[in-house]
Amino acid sequence: MTDYQKYMRSKEWKAKRQEKLEACDHKCECEGGCYRKATQIHHLHYDTLGDESMEDLQALCPKCHMQKSRVKGFYGRVPLYCCQTEPIDESRIPKKILPYSVWHEANFWYHLKPDRYENIANELGADPLIISLLDNLGILFACGKIAVTPKTTKAIEAYADVVPASEAALEGYCDTAYRIKPEFQKYFPSDEYDE
């Protein structure tokens, strides 16, 4: 375990993290004007690691934190449009077999790129929603949103293996993670984009 990891698990960091969240009233501080609740803290730099001031930290929602940190190595792309600037009318989101939190994220990405997920779904003979879920596994884990229930597991076990979180670059977010099986990885190309 590195010094960074030890510090992230320390009482000192947890207290500082809570102090920052309370200082901004749990509002996401992303520059895009995000509406979501801040639940995570982003280090703007690591020059003062262990002795951070509130100005060295930024309170973010999980999606904006993912964008800021540019977490790589998971199966799925980093969010490009991270800020949600208006509340979502949850009554308009259809109920599906997946747990709500997982369905909500999968549905968001499906509607962002329907052609991508429908094309992959046609090739694999699967539901486009499941393809969106598979493509965004890393995002779901980093958001702390994926619920490993029998229904969720059954929906993706044909296409993904459970591996140690370190293999999916998600150590610290969870203990185990889903990883697309090698024979299906060609269907999920990475989307590169400019900063």
Mind counting the residues in segment 39-65 that are aliphatic (A, V, I, L, M) and either closer than 20 Å to GLU105 by Cβ or part of a strand (DSSP E or B) (or both)? 4
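Taking the condition closer than 25 Å to HIS65 by Cβ, open to solvent by 40 Å² or more (accessible area, probe 1.4 Å) and at pLDDT 80 or above, does VAL162 pass?
On the way: closer than 25 Å to HIS65 by Cβ: yes; open to solvent by 40 Å² or more (accessible area, probe 1.4 Å): yes; at pLDDT 80 or above: yes.
Considered against the rule, which asks whether it is closer than 25 Å to HIS65 by Cβ, open to solvent by 40 Å² or more (accessible area, probe 1.4 Å) and at pLDDT 80 or above, VAL162 comes out as yes.
Do the conditions hold for ARG77, that is, is it at pLDDT 85 or above, open to solvent by 20 Å² or more (accessible area, probe 1.4 Å) and either touching a Ser or Thr at 6+ places or on another chain (Cβ under 7 Å) or in a helix (DSSP H, G or I) (or both)? Break it down into steps so the answer makes sense when it comes.
Working: at pLDDT 85 or above: no; open to solvent by 20 Å² or more (accessible area, probe 1.4 Å): yes; either touching a Ser or Thr at 6+ places or on another chain (Cβ under 7 Å) or in a helix (DSSP H, G or I) (or both): yes.
So ARG77 fails the test.
Could you check how many residues of segment 8-19 are open to solvent by less than 50 Å² (accessible area, probe 1.4 Å) and among the aliphatic types (A, V, I, L, M)? Explain how you work it out, then say what you get.
The first filter runs over segment 8-19 and keeps only residues open to solvent by less than 50 Å² (accessible area, probe 1.4 Å), leaving 8, 10, 13, 16.
Keeping just the survivors that are among the aliphatic types (A, V, I, L, M) gives 8.
The number of residues fulfilling the criteria is 1.
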What number of residues within segment 25-41 are open to solvent by less than 20 Å² (accessible area, probe 1.4 Å) and more than 18 Å from PRO87 (Cβ to Cβ)? 1
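From the list GLN84, GLN5, exactly one residue is surrounded by 16 or more Cβ atoms within 10 Å (Cβ to Cβ) and at pLDDT below 90. Which is it?
Numbers: GLN5 fails: surrounded by 16 or more Cβ atoms within 10 Å (Cβ to Cβ).
Matching residue, one of GLN84, GLN5: GLN84.
Can we say LYS63 is in contact with a Cys (Cβ under 6 Å, 6 or more places away or on another chain) and touching a residue at least 12 places away in the same chain (Cβ under 8 Å)? Quick ask: steps written out before the conclusion?
Working: in contact with a Cys (Cβ under 6 Å, 6 or more places away or on another chain): yes; touching a residue at least 12 places away in the same chain (Cβ under 8 Å): yes.
When the stated conditions are applied, LYS63 passes them.
The values are calculated or read from the model by the stated rules, or taken from the named source; none is laboratory data. As the structure is a computational prediction, the values presented were derived from the model and not from experiment. FYI the Cβ positions are ideal-geometry reconstructions off the backbone, even for glycines, and counts take in every protein chain you see. When the accessible area is computed, the model is the full protein with side chains, heavy atoms only, and any ligands, DNA or RNA have been set aside. Shrake-Rupley method; radii C 1.70, N 1.55, O 1.52, S 1.80 Å.
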